[in-house]
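The values are calculated or read from the model by the stated rules, or taken from the named source; none is laboratory data. What you are looking at is a predicted structure, and each value in this text was computed from that prediction instead of being measured. Don't worry about glycine lacking a Cβ; one is built from the backbone with ideal geometry, like all the others, and counts go over all protein chains shown. Only protein heavy atoms, including side chains, enter the accessible area calculation; ligands, DNA and RNA are left aside. Shrake-Rupley method; radii C 1.70, N 1.55, O 1.52, S 1.80 Å.
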Amino acid sequence: MTVSVKPDARRNAGPYLYGREAEAVARVLEGGQYGHTETTEEFERRIAEFLGVPDAVAVASGTAALHTALLAAGIGPGHEVIVPSMTFCATVQAVLAVGAAPRFVDIDPASLCVSDQMVTEAVSDTTAAVMPVLFGGRPVDLSAIRTELDDRGIVVIEDAAHAFGSRSGTRRVGANGAALTCFSFGPIKNLTCGQGGMVIPRTPAEADTIRRTRLLGVVQSQGERANTTSYRVDGFGLRYQLSSLNAAIGLVQFDGFQAAEDTRRHLWRTYRDALAPLDGATLVDVDVEHAVPHLCQVRVPHRDRVFASLRSRDIGVGVHYPPNHLQPAFAAWHRPLPATEQVGEEILSLPFHQHLTEADIDLVVTSLEQALKAIGAA
Ligand SMILES: *Cc1c(COP(=O)(O)O)cnc(C)c1O
């Protein structure tokens, strides 16, 4: 049994199936256990082994990963968490979920990531954590300010939703031991479980907290529970486990991940070469030797008009992301962030997923050129 999705240049993003996902889900369906099972644990082991870390804790989504990581790090009311405004709203919602306050910071427009200096400038006496976002798959190296952060008891929690598989130096993101790292395996991420997430904890104690929290604070496993008349609730928790149905998808996707890395790098380089002669569009660069690219983004003048023009040509452009400090829900934490505001008006995500062909990329870039010409920008 195989199913396939066929997005092309009309789609901005989408999953790529390796063909055995449906079978794997069918086997779990027939097995009759859909909660946290041996399949989920096998997925955790495979990911931990791949990253070269002692432990990995699977949860229901990337948002749940961020939320449980913040809880495991002891972040809560009265704490401030440094977070770039240029991220998906989930990063900010996770901070609010633990009752902490986001402290929005600006980004380097070249990488769309925070820099050491931006983090250092934002640190205050109430700062309890910093959440760098590994935008588009780019690793964020905070080692130069590590001692300062440690001395102040500030925890680093990486939002690596875009960055599964990327390398920082010789290690995979998640393996440097100095941060809790959160991955998303949502529908459009480089590896998908349908929906899912993973936390790489720093310590066994953090792993325990996340394992308890993801199962409503209940400590026993399903198997243990079947043999006792009660169960113990040991602390706060939510229904955050990764379903075995989703883990089964993740295991097949993981087997295809080497192909995903190669394809994504190849497509990104194809875009880079095709965009090079184009006036009026600036590629947001990624070091694809290290990063597994998640997005292909350009900055253009009159972005909204270019966007509309490309949509009218049936090209699946997107915007990652409207800045969070300008969102109504986060107005209480607004502060001026000039680089983020500028990038927020110029950024455009070109179709980027593993179904693209070189011909699709040609079509996208030609259409972009025509759109820029039509508005007098190229
Ligand atoms: C996707 C994403 C998340 C949230 O992950 P979900 O699995 O959708 O909950 C968080 N941060 C960033 C930057 C993301 O792209």
Scanning for something modelled with pLDDT of 95 or more, within 14 Å of A48 (Cβ to Cβ) and away from the ligand (no atom under 16 Å from the Cβ), does segment 175-187 turn up at least one residue?
yes
Can you tell me which residue among E341, E358 is in contact with a helix residue (DSSP H, G or I) (Cβ under 9 Å, 6 or more places away or on another chain), free of Cβ contacts under 8 Å to residues at least 40 places away in the same chain and among the charged types (D, E, K, R)?
E341
Looking at (1) touching a Ser or Thr at 6+ places or on another chain (Cβ under 7 Å); (2) away from the ligand (no atom under 16 Å from the Cβ); (3) open to solvent by less than 30 Å² (accessible area, probe 1.4 Å), which one does H290 not meet, given that it meets all the others?
(3)
Residues within segment 211-225 that are open to solvent by less than 70 Å² (accessible area, probe 1.4 Å), modelled with pLDDT under 65 and outside any loop (DSSP other than H, G, I, E, B), tallied
1
Residues in segment 229-281 that are without any contact (Cβ under 8 Å) to a residue 60 or more places away in the chain, open to solvent by 80 Å² or more (accessible area, probe 1.4 Å) and not in a loop (DSSP other than H, G, I, E, B): how many?
6
Scan segment 93-100 and tell me whether some residue there is away from the ligand (no atom under 15 Å from the Cβ) and touching a Lys or Arg at 6+ places or on another chain (Cβ under 8 Å).
no
When segment 88-140 is checked residue by residue, the ones that are open to solvent by 10 Å² or more (accessible area, probe 1.4 Å), out of contact with any strand residue (DSSP E or B) (no Cβ under 6 Å at 6 or more places or on another chain) and part of a loop (DSSP other than H, G, I, E, B) are F88, V98, G99, D106, P109, A110, S111, V123, S124, D125
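Can you say whether D285 is among the acidic types (D, E), open to solvent by 10 Å² or more (accessible area, probe 1.4 Å) and farther than 16 Å from P109 by Cα, as far as the supplied structure shows? Spell out the reasoning first.
Working: among the acidic types (D, E): yes; open to solvent by 10 Å² or more (accessible area, probe 1.4 Å): yes; farther than 16 Å from P109 by Cα: no.
No.
Among the residues of segment 13-28, which ones are outside any loop (DSSP other than H, G, I, E, B) and not charged (D, E, K, R)? Full working, then the answer.
Of segment 13-28, the ones outside any loop (DSSP other than H, G, I, E, B) are 21-28.
Correct list: A22, A24, V25, A26, V28.
Every residue, every condition in (1) modelled with pLDDT under 95; (2) under 15 Å from N246 (Cα atoms); (3) aliphatic (A, V, I, L, M), yes or no:
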position	(1), (2), (3)
M1	yes, no, yes
A9	yes, no, yes
N12	no, no, no
A24	no, yes, yes
G31	no, yes, no
T39	no, yes, no
E42	no, yes, no
Residues in segment 259-272: is at least one over 24 Å from G196 (Cα atoms) and charged (D, E, K, R)?
yes
What do you reckon, is A64 under 18 Å from the mean Cα position of the chain (by Cα) and either acidic (D, E) or within 15 Å of the ligand (Cβ to nearest atom) (or both)?
yes
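Residue-by-condition table, conditions (1) of a type in the set (F, W, Y); (2) away from the ligand (no atom under 16 Å from the Cβ); (3) not in a helix (DSSP H, G or I):
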position	(1), (2), (3)
D314	no, yes, yes
A329	no, no, no
A332	no, yes, no
A339	no, yes, no
Q342	no, yes, no
L356	no, yes, yes
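Could you identify the single residue in Q370, Q297, Q327 that is of a type outside the set (K, R) and surrounded by 16 or more Cβ atoms within 10 Å (Cβ to Cβ)? Before the answer, list the steps.
Details: Q370 fails: surrounded by 16 or more Cβ atoms within 10 Å (Cβ to Cβ); Q327 fails: surrounded by 16 or more Cβ atoms within 10 Å (Cβ to Cβ).
Just one listed residue meets the conditions, Q297.
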All-but-one check, S309 against (1) under 28 Å from R20 (Cβ atoms); (2) of a type in the set (S, T, N, Q); (3) buried (at least 20 other Cβ atoms within 10 Å of the Cβ); (4) more than 16 Å from the ligand (Cβ to nearest atom), failing number (1)
Could you tell me whether any residue of segment 236-254 is farther than 26 Å from G31 by Cα and more than 16 Å from the ligand (Cβ to nearest atom)?
yes
